[in-house]
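Presented below is the structure to which this report refers.
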Amino acid sequence: MKGARVAKADAELFKQSARRFASGVTVVTTEENGLIYGLTVSAFSTLSIDPLLVLVCIRTGNRLTDMITSSGRFAVNILREEQRSISQYFATSSREPQRAADGFPDIPTVVDQSGAPVIFGSLAYFDCEVQEFHADGDHTIFIGSVVGAGAMDGAPLVYFDGNYRGVRDWEAAAT
């Protein structure tokens, strides 16, 4: 391949290569014993239609991983292009959980089936109960049985090469 580097894979080359995969931006949220928490997560995928399953991968030992493992529920919120600030807020893993009664600061949420917060105005969401989870490497893979879902019109927020992008950004660059 022209312009490609061929080298033995190491952590730095792995990260550089992974940055070339454009992904949608999600915030995964949960509720446990009256506390809510969420984190920006790029490793999300639908898994199955029958049964309805999704998966998310979250760093093992993270507060969110521990809360989902304990509560057995989570919601995946797919962010709209206009929700960059929401992604940036949830990208900080050092935040403390919020009391569910107080909610997230300036981020309205609703509750669907599982009790996990769903970010109001998200492009789409999947409300899930944990079917199973597997710790491997430095992440935990959660497989969620989808108990609720919703979608609205709009353009997705995209993460590519270390930056947020919107579909409209690429459309403007192409013209």
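Throughout, read-outs are computed from the coordinates displayed, never taken from laboratory work. Remember, it's a predicted structure, so these values are computed and weren't measured experimentally. In this analysis, Cβ positions are derived from the backbone assuming ideal geometry, glycine residues included, and neighbour counts consider all displayed protein chains.
Length gained on full extension, ASN33 to LEU52: 4.2 nm, using 0.36 nm per residue less the C-alpha separation. Length, then width, then depth: along the principal axes, the Cα atoms of segment 67-156 run 33, 28, 28 Å. Multiplying the residue separation of ILE143 and SER17 by 0.36 nm and subtracting their alpha-carbon distance yields 42.8 nm. The H on the amide N of LEU53, modeled in the peptide plane, is under 5 Å from the matching H of LEU47, SER48, VAL146, each at least 5 residues off or on a different chain.
Dipole magnitude for the chain: computed about the Cα centre from +1 point charges on Lys and Arg Cβ and -1 point charges on Asp and Glu Cβ, it is near 740 debye. Among THR65, THR40, sorting on how many other beta-carbon atoms sit within 10 Å of each Cβ, with the fewest leading, yields THR40, THR65. Longest segment of the chain with no chymotrypsin sites (Phe, Trp or Tyr not before Pro) in a DSSP loop having at most 11 other Cβ atoms within 10 Å? The answer is 22-119. Once divided by 2.2 N^0.38 Å, the Cα radius of gyration of the chain becomes 1.07.
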